[in-house]
Amino acid sequence: MLFLRLRDDITGFIYNIPYFKKLDIHRLEAVQGTSVAFLLKILSSVLGLVTSIIVARLIGAGGVGIIALSSIIISAASTAGRFGLDNSLVRFVGEYASRNDWNRVAGVYSLSVRTCTLSLLLVAGFIMVAAEPLAEHVFHKPGLALPLRLMALGMVPTGIVFIRGEVLRGLKRIRESISLQLILPQIFSLPLVVVLAYLWGVTGAVVGTVIGSVIVLVYSFSIWNTAVPQIAAIRGEFDRAKLFRSSFPLLLVSMMHMIMASADTAILGIFNGSESVGIYSIALKIGSLTNFILLAINTIAAPKFAALYGQGDVLALEDLGRYFTKMGIVVALPIFLVIILAGRMILGFFGSEFTGAYSVLLILAAAQMANVSFGSVGYLLAMTGHEIVVRNITMISAVSNIGLNFILIPVYGITGAAAASAVSIVLFNILGVVMVYRKLSILTIPIPRRYVKNAD
């Protein structure tokens, strides 16, 4: 009920502002959806930061580093286990829901859940077996094995919840999608993580997270039946080959994005101690606050892009893409300035050992500000049938990320990790802007088109 009132209040507020009364339906829907997503992601970020501050105070930088490495490995394994189906779901659900073809919407969901459940069970089993060799021989941290095995237990419930969240996103049920994927896991896990971390340290914090994921899965049934009555009672039909033709390129894209987001932390864990990993992971978490407006935008952008492309409205597609970019810059810039001015103080909340990462924080925040300024290039390509292009530019960026991390981390430590991450983010966005313009004749960065034509 709270989220419903929040959505209605935001909608009413927007409709009564003179500027927004002049917007076309696509821009108005974008503002409304992004506003709700943005506020919910703020709530999620606040809950996450509160949890991180308390846990960091309880278990120190070394414990935070162990949890960060475990989370990265589990996230990579979960991404592989989902086969890229989560990204395909947004595209197909958005496309078929716009035509009221609920049989295919139900079919693609049902097929995705069955496939992901089986594959995630297999991947979780592999993690159970491989946890000790990974901990001892790759990361040289024996204390990593038990958290890895415990986190593997939460892969299936988390995967099913994530799939449901992506279907809801494709249906433009943004409130329910973000609630399932971000808000409810934080709400259910926070008290468990804090209490159990106080009692049992790193192991307790991980157990609290896993229990929270199971609670969210159980609770998701009530949200699901209410949010999607059109498909809740039918199995539906969908072409398996068509789904996998779309998902496999996006699987590689997801894995490459995972590498871009996590290679710095993982490679840092190979060369440095868990304390360095913990300090870096906190700087990364704070620096990413600059980017969460883009995450909020992409929540509504993906289904909108898919629907407009399915309708053949390329002009509206470009207008919306550029509008999203401007919106992101306006919101992200104040957050970036706060990090510049108060970053050292914010790091100090986690403990005195974290304040030395201020320069690292600035590099990471600047990279995310650049990410916002280029717009939703990856989603524009993926939602318009150019999955192969997204795969290629993501692969180039990820390979550069890995190479730079291996070169810079042994020499510069956490500063080298931040620099490698920043370069790969900027590279991905430059390539993305170029390919969006070549494939769709759409310019996402908010500069006048005449400059591009003059350059041509």
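The values are calculated or read from the model by the stated rules, or taken from the named source; none is laboratory data. None of the values given here were measured: they were computed from a predicted structure. Neighbour counts run over all protein chains shown; Cβ positions are idealised from the backbone, glycine included.
A quick yes/no check of all residues on (1) part of a helix (DSSP H, G or I); (2) crowded, with 18+ Cβ neighbours inside 10 Å; (3) modelled with pLDDT of 50 or more:
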{"position": "T11", "(1), (2), (3)": "yes, no, no"}
{"position": "Y19", "(1), (2), (3)": "yes, no, no"}
{"position": "R27", "(1), (2), (3)": "yes, no, yes"}
{"position": "S35", "(1), (2), (3)": "yes, yes, yes"}
{"position": "I42", "(1), (2), (3)": "yes, no, yes"}
{"position": "L47", "(1), (2), (3)": "yes, no, yes"}
{"position": "T51", "(1), (2), (3)": "yes, yes, yes"}
{"position": "A56", "(1), (2), (3)": "yes, yes, yes"}
{"position": "I59", "(1), (2), (3)": "yes, yes, yes"}
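Can you find even one residue in segment 82-95 that is part of a helix (DSSP H, G or I), closer than 27 Å to A145 by Cβ and of a type outside the set (K, R)?
no
Taking G413 as meeting all but one of (1) closer than 21 Å to T290 by Cβ; (2) surrounded by fewer than 22 Cβ atoms within 10 Å (Cβ to Cβ); (3) out of contact with any Lys or Arg (no Cβ under 8 Å at 6 or more places or on another chain), write down the number of the exception.
Every condition holds for G413 apart from (1).
To keep it simple, each residue is scored yes or no on (1) charged (D, E, K, R); (2) crowded, with 22+ Cβ neighbours inside 10 Å.
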| position | (1), (2) |
| --- | --- |
| E166 | yes, yes |
| R169 | yes, yes |
| I174 | no, yes |
| I178 | no, yes |
| I187 | no, no |
| W200 | no, no |
| A205 | no, yes |
| G208 | no, yes |
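For segment 407-422, does any single residue satisfy the condition of being outside any helix (DSSP H, G or I), over 17 Å from the mean Cα position of the chain (by Cα) and within 26 Å of G278 (Cα to Cα)?
Going through segment 407-422, the residues outside any helix (DSSP H, G or I) turn out to be 413.
Adding the requirement that they be over 17 Å from the mean Cα position of the chain (by Cα) leaves 413.
Then keep just the ones that are within 26 Å of G278 (Cα to Cα); that gives 413.
Among the residues of segment 407-422, at least one is outside any helix (DSSP H, G or I), over 17 Å from the mean Cα position of the chain (by Cα) and within 26 Å of G278 (Cα to Cα), which makes the answer yes.
Consider M155 carefully, then state whether it is touching a Leu at 6+ places or on another chain (Cβ under 7 Å), touching a residue at least 12 places away in the same chain (Cβ under 8 Å) and either within 20 Å of R245 (Cα to Cα) or not β-branched (V, I, T) (or both).
In short, yes.
May I ask you to say which residue of S421, S400 is small (G, A, S) and buried (at least 23 other Cβ atoms within 10 Å of the Cβ)?
Unique residue meeting the criteria: S421.
Pairs please, first residue from segment 327-354 and closer than 21 Å to T415 by Cβ, second anywhere and in a helix (DSSP H, G or I) and of a type in the set (K, R), Cβ atoms under 9 Å, 6+ apart in sequence or on different chains.
Matching pairs, first to second residue: F350/R57; G351/R57.
Restricted to segment 91-105, and to residues that are over 12 Å from L168 (Cα atoms) and over 23 Å from the mean Cα position of the chain (by Cα), which residue is surrounded by the fewest Cβ atoms within 10 Å (Cβ to Cβ)?
Among those residues, the one meeting the criterion is N100.
Got a sec? Which of T209, T203 is under 12 Å from T158 (Cβ atoms) and either out of contact with any strand residue (DSSP E or B) (no Cβ under 6 Å at 6 or more places or on another chain) or without any contact (Cβ under 8 Å) to a residue 24 or more places away in the chain (or both)?
On the way: T203 fails: under 12 Å from T158 (Cβ atoms).
Just one listed residue meets the conditions, T209.
Please find, within segment 215-257, the residue that is farthest from E95 (Cα to Cα) out of those that are β-branched (V, I, T), buried (at least 16 other Cβ atoms within 10 Å of the Cβ) and in contact (Cβ under 8 Å) with a residue 60 or more places away in the chain.
The selected residue is V253.
Among residues belonging to segment 130-146 that are more than 26 Å from the chain's Cα centre (by Cα) and not in a helix (DSSP H, G or I), point out the one that is nearest to T203 (Cα to Cα).
Among those residues, the one meeting the criterion is K141.
How do the helices (runs of 4 or more DSSP H) wholly within segment 270-368 filter down when requiring 1 or more residues that are touching a Phe, Trp or Tyr at 6+ places or on another chain (Cβ under 7 Å) and surrounded by fewer than 19 Cβ atoms within 10 Å (Cβ to Cβ): which remain? Spell out the reasoning first.
Working: elements: 274-287, 292-310, 314-348.
The helices (runs of 4 or more DSSP H) meeting that bar are 314-348.
Which of the residues that make up segment 374-418 are under 18 Å from S262 (Cβ atoms), at pLDDT 95 or above and aliphatic (A, V, I, L, M)?
Scanning segment 374-418 gives I402, L404, I407, L408, I409, I414, A417, A418.
Evaluate the following for V156: is it under 23 Å from V277 (Cα atoms), buried (at least 21 other Cβ atoms within 10 Å of the Cβ) and touching a Ser or Thr at 6+ places or on another chain (Cβ under 8 Å)? Full working, then the answer.
On the way: under 23 Å from V277 (Cα atoms): no; buried (at least 21 other Cβ atoms within 10 Å of the Cβ): yes; touching a Ser or Thr at 6+ places or on another chain (Cβ under 8 Å): yes.
Spelling it out, it is not the case that V156 is under 23 Å from V277 (Cα atoms), buried (at least 21 other Cβ atoms within 10 Å of the Cβ) and touching a Ser or Thr at 6+ places or on another chain (Cβ under 8 Å).
Could you pull out every one of the helices (runs of 4 or more DSSP H) wholly within segment 152-232 that has 2 or more residues that are modelled with pLDDT of 90 or more and within 26 Å of A301 (Cα to Cα)?
Working: elements: 155-170, 174-178, 184-227, 229-232.
Passing ranges, in order: 155-170, 184-227.
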